[in-house]
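The values are calculated or read from the model by the stated rules, or taken from the named source; none is laboratory data. Since we're looking at a predicted model, the values are computed, not measured. Because the Cβ atoms are built from the backbone with ideal geometry, glycine has one as well, and the counts that use them run over all protein chains shown.
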Amino acid sequence: MEWVDGRSMRSWLDEYGRFSVDVSVDLIQQLLSAVGVAHDYQVVHRDLKPDNILISNRGKTKILDFGISKLIDDKHRLTATGSMVGTPAYMAPEQVKGEPVDATADIYSLGMILYELLHGEPPFTGQLPAVLHSQVFDKPRASTAIPSPIMEIIWKATAKSPSQRFQSCEEFAGAFHYMPKAAVAHPPA
């Protein structure tokens, strides 16, 4: 693995609480680009979270820990089923239920990460059963720290049904281009 002069996204969040809107959008765009390349090679990470993302001192992201990633089969679904794999605060509902997952599970996780970057904590916290229940049934609550156009993007990325989410990292990244520039350029009041 290459040496990255920086530290984990988790470390930054622990120190500063949350990121500004423009920095958060930049970081998520970088992650969408990287995860999109993995998806192009039919690899789904399945455990995207701030602990598995390094941010270099120059502001560049690197994704770590492809240990539970899987190749997608001919039907664009992961080949293993029946087991829950991942980190509960970032897991797509289908992961929680032990169902087959595809690239949209990573998109869900990236939506959860974007929420945390802006809000300061993931949408669903607490005891494990409550977090798992929320992943399957609850929509992330709107946050005053998140501009409404970005909240709309997060809701699309974290839709409970994979078919209702962005279908690719490119589509997710493109959603920011249709957002009012003021929503990205300035942190919320």
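For the reader, a short list of remarks on this structure follows.
- Matching option when the condition is closer than 25 Å to residue 124 by Cβ, in contact (Cβ under 8 Å) with a residue 12 or more places away in the chain and among the hydrophobic types (A, V, I, L, M, F, W, C), among 43, 35: 35
- When the residues of the stretch 19-38 are filtered to those that are touching a helix residue (DSSP H, G or I) at 6+ places or on another chain (Cβ under 6 Å) and surrounded by fewer than 21 Cβ atoms within 10 Å (Cβ to Cβ), the one that is nearest to residue 92 (Cα to Cα) is 36.
- Residue match in the stretch 120-130 (condition: small (Gly, Ala, Ser), at pLDDT 95 or above and surrounded by fewer than 22 Cβ atoms within 10 Å (Cβ to Cβ)): yes
- Helices (runs of 4 or more DSSP H) completely within the stretch 94-189 that count 2 or more residues being polar (S, T, N, Q): 103-119, 128-137
- Only residues that are more than 20 Å from residue 37 (Cα to Cα), at pLDDT 95 or above and surrounded by 15 or more Cβ atoms within 10 Å (Cβ to Cβ) were counted in the stretch 153-189, giving 7.
- Residue 133 more than 17 Å from the chain's Cα centre (by Cα) and over 18 Å from residue 166 (Cα atoms): yes
- Complete set of residues in the stretch 39-62 that are crowded, with 16+ Cβ neighbours inside 10 Å and not in a helix (DSSP H, G or I): 43, 44, 45, 46, 47, 48, 49, 53, 54, 55, 61, 62
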